[in-house]
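Enquirer: Before we start, here is the structure in question, set down as structure tokens.
Just so you know, all these numbers are worked out from the coordinates, no wet-lab data involved. Just so it is clear, the structure is predicted and the values come from calculations on it, not from any experiment. Glycine also receives a Cβ, built like all others from the backbone with ideal geometry; neighbour counts cover every protein chain displayed.
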């Protein structure tokens, strides 16, 4: 199983839609929905997870698990119950966000300093959500260090988590390589629930090494998938036609159309350049495109640029397989 990671400010519903069209991803997790002391209205959930209006799936048919983040067990439980009524493919809890503004308020990775509170939060949410709806969690190895990683993982399992993603770095590590996949087997072997490895998976070779080192069959892909939309396919189905730049160009145009439909004009160009900035890690053509557009902020000029470079075409062999039901 390959999961698409939640990435605040990057992997929103628009990019989830585009990336899941390529294939290989079995499930997505949304960006976090911040819970800070109030019962959120339904529109707050729909804003972050508009897939709730489509049966909790992307347009390609890939299920989306909605993620909540907060530190108040009662308030999280109340919001989880409301969210569950909207029909997501499950509810995930965020115990890994390293952002300073989040951690200062006791959310995200800061909670890894208090395993007892992790257990309390998970148990409260599990009680509030119907039994048929999965509840999972994502955590880092720790806050300052990894000394309490197993204690935190067990607290989440014992609180009722049915699945655990482990980002194999601490909050102090940020996103600096490497990811410490070798710390995951201790957790995986001690838990009864599935454990999914995450961190520094940029290529199919990385995925193979991560599986060997962590012992986890299931993986979560984040920046590697944004940089190479064909990564999940390459991992899931070796030998399939590679996803090349000719396949990416129509996706750029589709992404731009979605951005223009959902994002205010002054931020539209930034969204396209943000994705191109990741794509240039894998595609030389993206480097050229990024350099050409890096000072362009007028959406009309980007429209014209895309129309001149992305002719209408049928999907290539790399993208021709049926979408999941």
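Enquirer: Calculated FRET efficiency, residue 203 and residue 176, Cβ-Cβ r, R0 22 Å, to nearest 0.05?
Expert: FRET efficiency, residue 203 to residue 176: 0.75.
Enquirer: Now, a different point. Determine the gain in length on full extension of the stretch residue 260-residue 147; use 0.36 nm per residue of separation and subtract their C-alpha separation, reporting nm with one decimal.
Expert: Full extension of this stretch gives 36.1 nm more.
Enquirer: Here's another thing I want to ask about it. What residue among 80, 179, 261 shows peak mean-square fluctuation when the chain is described by a Gaussian network model with Cα springs under 10 Å?
Expert: The residue with the greatest mean-square fluctuation here is 261.
Enquirer: Using only Cα atoms, find the angle between the long axis of helix 265-279 and the longest principal axis of the chain, and express it within 0 to 90 degrees, rounded to the nearest 10.
Expert: 80
Enquirer: Now a separate question. Based solely on its DSSP helices, what 222 nm [θ] is calculated for the chain when runs of n ≥ 4 H residues each add -39,500 (n - 2.57) and the sum is averaged over all residues, nearest 500 deg cm²/dmol?
Expert: After summing the helix terms and dividing by the residues of the chain, the value is -13000 deg cm²/dmol.
Enquirer: If you build a Gaussian network model of the chain, linking Cα atoms that sit under 10 Å apart, which residue out of 89, 149, 236 swings the most?
Expert: Top of the fluctuation ranking is 236.
Enquirer: Full-extension gain between residue 245 and residue 131, please, as 0.36 nm times their residue separation minus the C-alpha to C-alpha distance.
Expert: Computed gain between residue 245 and residue 131 is 36.6 nm.
Enquirer: Quick one: if you stick a label point 7 Å off each Cα along the C-beta vector at residue 274 and residue 74, how many nm between them?
Expert: 3.6
Enquirer: Which FRET efficiency value, to the nearest 0.05, is calculated for residue 193 and residue 99 with the Förster distance at 30 angstrom and r the Cβ-Cβ distance?
Expert: Computed FRET efficiency for residue 193 and residue 99: 0.65.
Enquirer: Only Cα pairs within less than 10 Å get springs; with that Gaussian network setup on the chain, which residue of 59, 262, 167 has the largest fluctuation?
Expert: Of 59, 262, 167, the most mobile in the Gaussian network model is 262.
Enquirer: Between 0 and 90 degrees, rounded to the nearest ten: what's the tilt of helix 204-214 against the longest Cα principal axis of the chain?
Expert: 10
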